[in-house]
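*Asks:* Following this message is one structure expressed as structure tokens.
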Amino acid sequence: MSWQKSVVALAAAVVLPLTGVMAGSSVAAAPAGDVSAAALPAGSPAAVNGQLKVCGVKLCNKNGKQIQLRGMSTHGIQWYSQCVKTASLDALANDWKADILRISMYVQEGGYESNPRKFTDMVHGYIEEATKRGLYALVDWHQLSPGDPNHNTARAKTFFKEIAQRHKDKTNIIYDIANEPNGVTWSRVKSYAEAVIPTIRAEDPDSLVLVGTHGWSTFGLSDGRDINEVSRNKVNASNLMYTFHFYAKDHRDSYLNALRTVSSQVPVFVTEFGSQEASGDGPNDFTMANKFISFMKEAKISWTNWNFSDDHRTGAVFNSGTCSGSNFAGEGVLKEAGKWVRNHIRTADDF
């Protein structure tokens with residue numbers, strides 16, 4: 001569904017080493033200690049809303065109020081870690097006024113599978129940095145190919161067990177256990193979820209868990225399946241939401257109508273979307289994208305946009321070369337899609 005299905009030239013990015021500190025980034029890799037809820041900056045989104053919980057088909061804060069979180073997804077951290085550093089995260093929290101950072105850790109494609117220790121430590125570090133800024137940290141197990149998440153069940157259990165052990169006392173942690181299942185039935189995805197979630201719950205019984213849906217997280221729509229399969233066969237787990245992805249240039253009213261339908265049946269979180277083609281490139285369609293944005297606001301569906309990098313594609317928010325510098329605030333460093341999504345994120349929260 002998203003651009004990741006094409007081959008990415010590794011020369012387009014730099015994979016930074018993790019020897020205590022990410023080179024050139026000033027972002028700590030894996031602090032030994034924890035950051036408690038008390039350490040969240042006063043007035044920050046995570047401090048105000050606290051432990052998230054599902055109430056009916058909505059996302060609610062610690063007080064039981066329905067809320068909508070808005071923020072950004074990193075690019076694959078194996079390629080664009082140079083875009084996730086002190087200055088860029090400060091801009092995301094303070095200039096963009098985001099609520100949430102999605103940490104996109106690919107499993108294959110040069111990601112976790114190639115060096116589990118390195119990428120687990122990177123995720124630890126990003127969680128801590130999000131916490132310091134009062135952002136929710138959405139840990140994205142970015143499986144894409146193979147499309148059946150069961151291929152990575154053992155790896156997922158190992159990864160999420162460690163993440164949950166270290167960060168279980170945080171109130172701003174969100175676990176997304178499958179990015180875009182594809183070419184696989186919903187029953188297979190459900191089986192995977194019910195195998196992995198208990199590993200998380202054994203360490204962290206309270207935090208929000210997300211699971212991707214079949215058809216590249218379209219509830220089967222992109223695979224020509226019945227979008228009601230999920231509501232008829234829900235994952236047996238508590239405090240769970242299902243994910244939906246769209247790219248507005250390619251995914252038109254049928255996808256918006258599908259989102260309307262499924263979000264009335266089960267709790268939905270849009271963990272990835274763009275205003276471009278499904279490749280993450282090509283022309284923006286802000287008219288269609290605004291239809292989705294308006295509905296998500298009305299229905300209080302939380303979202304993270306793809307992606308917070310300076311990749312050459314139109315869906316990357318920063319102009320090429322931005323990540324080699326230290327200026328990330330304002331519109332001057334942004335592509336058109338970046339200006340558009342920053343404006344939507346900066347709109348006042350309704351907490």
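The values are calculated or read from the model by the stated rules, or taken from the named source; none is laboratory data. Here the structure is a predicted model, which is why all the values come from computation and not from measurement. Every residue, glycine as well, gets a Cβ built from its backbone with ideal geometry; the counts of neighbours run over all protein chains shown. Note: areas computed on protein heavy atoms with side chains; ligands, DNA, RNA excluded. Shrake-Rupley method; radii C 1.70, N 1.55, O 1.52, S 1.80 Å.
*Asks:* For segment 98-207, list the strands (runs of 3 or more DSSP E) that sit wholly inside it and hold at least 2 residues that are of a type in the set (Phe, Trp, Tyr); which are they? I'd like the intermediate steps shown before the answer.
*Replies:* Details: elements: 100-106, 136-142, 173-176.
In segment 98-207, the matching strands (runs of 3 or more DSSP E) lie at 136-142.
*Asks:* Pull up segment 179-226, narrow it to residues that are within 20 Å of Val107 (Cα to Cα) and of a type in the set (Asp, Glu), then point me to the one that is most open to solvent (accessible area, probe 1.4 Å).
*Replies:* Glu194
*Asks:* Please state which of the following conditions Asp176 fails to meet, knowing it meets all the rest: (1) open to solvent by 30 Å² or more (accessible area, probe 1.4 Å); (2) within 25 Å of Phe295 (Cα to Cα); (3) of a type in the set (Asp, Glu).
*Replies:* Of everything listed in (1) open to solvent by 30 Å² or more (accessible area, probe 1.4 Å); (2) within 25 Å of Phe295 (Cα to Cα); (3) of a type in the set (Asp, Glu), Asp176 misses just condition (1).
*Asks:* Taking segment 231-246 on its own, how many of its residues are part of a strand (DSSP E or B) and over 17 Å from His214 (Cβ atoms)?
*Replies:* The number of residues fulfilling the criteria is 0.
*Asks:* Also: Against the definition (open to solvent by less than 10 Å² (accessible area, probe 1.4 Å), touching a strand residue (DSSP E or B) at 6+ places or on another chain (Cβ under 7 Å), outside any loop (DSSP other than H, G, I, E, B) and at pLDDT 95 or above), how does Val266 come out, yes or no?
*Replies:* Judged against the criteria, Val266 is not a match.
*Asks:* Take the residues in segment 74-126 that are acidic (Asp, Glu) and more than 17 Å from the chain's Cα centre (by Cα), then tell me which one is nearest to Ser145 (Cα to Cα).
*Replies:* Taking segment 74-126 as the starting set, the residues that turn out to be acidic (Asp, Glu) are 90, 95, 99, 109, 113, 121.
Now drop any that are not more than 17 Å from the chain's Cα centre (by Cα), which leaves 90, 95, 109, 113, 121.
Values: Asp90: 33, Asp95: 35, Glu109: 8, Glu113: 12, Asp121: 23 Å.
Once the filter is applied, the top-ranked residue is Glu109.
*Asks:* Conditions first: (1) more than 18 Å from the chain's Cα centre (by Cα); (2) in a loop (DSSP other than H, G, I, E, B). Lys291 passes all but one, so which condition is the exception?
*Replies:* If we test Lys291 against (1) more than 18 Å from the chain's Cα centre (by Cα); (2) in a loop (DSSP other than H, G, I, E, B), just (2) comes out false.
*Asks:* Taking Ala299 as the residue in question, decide whether it is touching a helix residue (DSSP H, G or I) at 6+ places or on another chain (Cβ under 8 Å), within 22 Å of Thr218 (Cα to Cα) and among the hydrophobic types (A, V, I, L, M, F, W, C). Outline the logic, then answer.
*Replies:* On the way: touching a helix residue (DSSP H, G or I) at 6+ places or on another chain (Cβ under 8 Å): yes; within 22 Å of Thr218 (Cα to Cα): yes; among the hydrophobic types (A, V, I, L, M, F, W, C): yes.
The answer is yes for Ala299.
*Asks:* Would segment 75-90 turn up any residue that is at pLDDT 50 or above, surrounded by 15 or more Cβ atoms within 10 Å (Cβ to Cβ), in contact with a strand residue (DSSP E or B) (Cβ under 6 Å, 6 or more places away or on another chain) and assigned to a strand (DSSP E or B)?
*Replies:* no
*Asks:* Within segment 53-68, identify whether any single residue is buried (at least 24 other Cβ atoms within 10 Å of the Cβ) and outside any strand (DSSP E or B), and answer yes or no.
*Replies:* No: zero hits.
*Asks:* Test Thr261 against the criterion of being modelled with pLDDT of 95 or more and within 29 Å of Ser320 (Cβ to Cβ), and give yes or no.
*Replies:* So Thr261 fails the test.
*Asks:* Restricting the search to segment 314-327, which residues are part of a loop (DSSP other than H, G, I, E, B), of a type outside the set (Gly, Ala, Ser) and surrounded by 24 or more Cβ atoms within 10 Å (Cβ to Cβ)? Lay out the reasoning, then the answer.
*Replies:* First pass over segment 314-327, keeping only residues part of a loop (DSSP other than H, G, I, E, B): 314-317, 319-321, 325-327.
Add one more test, that the residue is of a type outside the set (Gly, Ala, Ser), and what stays is 314, 317, 319, 327.
Listed by number, the list holds a single entry, Val317.
*Asks:* Let me ask another. Any chance segment 15-37 includes a residue that's buried (at least 16 other Cβ atoms within 10 Å of the Cβ), at negative phi, of a type in the set (A, V, I, L, M) and modelled with pLDDT of 95 or more?
*Replies:* Looking for residues that are buried (at least 16 other Cβ atoms within 10 Å of the Cβ), at negative phi, of a type in the set (A, V, I, L, M) and modelled with pLDDT of 95 or more, one finds none in segment 15-37, hence no.
*Asks:* Right, here's the next one. Looking at segment 328-351 only, could you name the residues that are open to solvent by 40 Å² or more (accessible area, probe 1.4 Å), at pLDDT 95 or above and either small (Gly, Ala, Ser) or farther than 28 Å from Ile301 by Cα (or both)?
*Replies:* Those that are open to solvent by 40 Å² or more (accessible area, probe 1.4 Å), at pLDDT 95 or above and either small (Gly, Ala, Ser) or farther than 28 Å from Ile301 by Cα (or both): Ala329, Gly332.
*Asks:* In segment 148-173, which residue that is crowded, with 23+ Cβ neighbours inside 10 Å and either in contact with a His (Cβ under 7 Å, 6 or more places away or on another chain) or in contact (Cβ under 8 Å) with a residue 60 or more places away in the chain (or both) is nearest to Gly125 (Cα to Cα)?
*Replies:* Going through the qualifying residues, I end up with His167.
*Asks:* Quick check on Asn257: is it under 27 Å from Asn182 (Cα atoms) and crowded, with 17+ Cβ neighbours inside 10 Å?
*Replies:* no
*Asks:* Between a residue in segment 234-257 that is more than 14 Å from Trp303 (Cβ to Cβ) and any residue that is of a type in the set (S, T, N, Q) and open to solvent by 30 Å² or more (accessible area, probe 1.4 Å), which pairs come within a Cβ distance under 8 Å, given they are 6 or more apart or on different chains?
*Replies:* Lys249/Asn284
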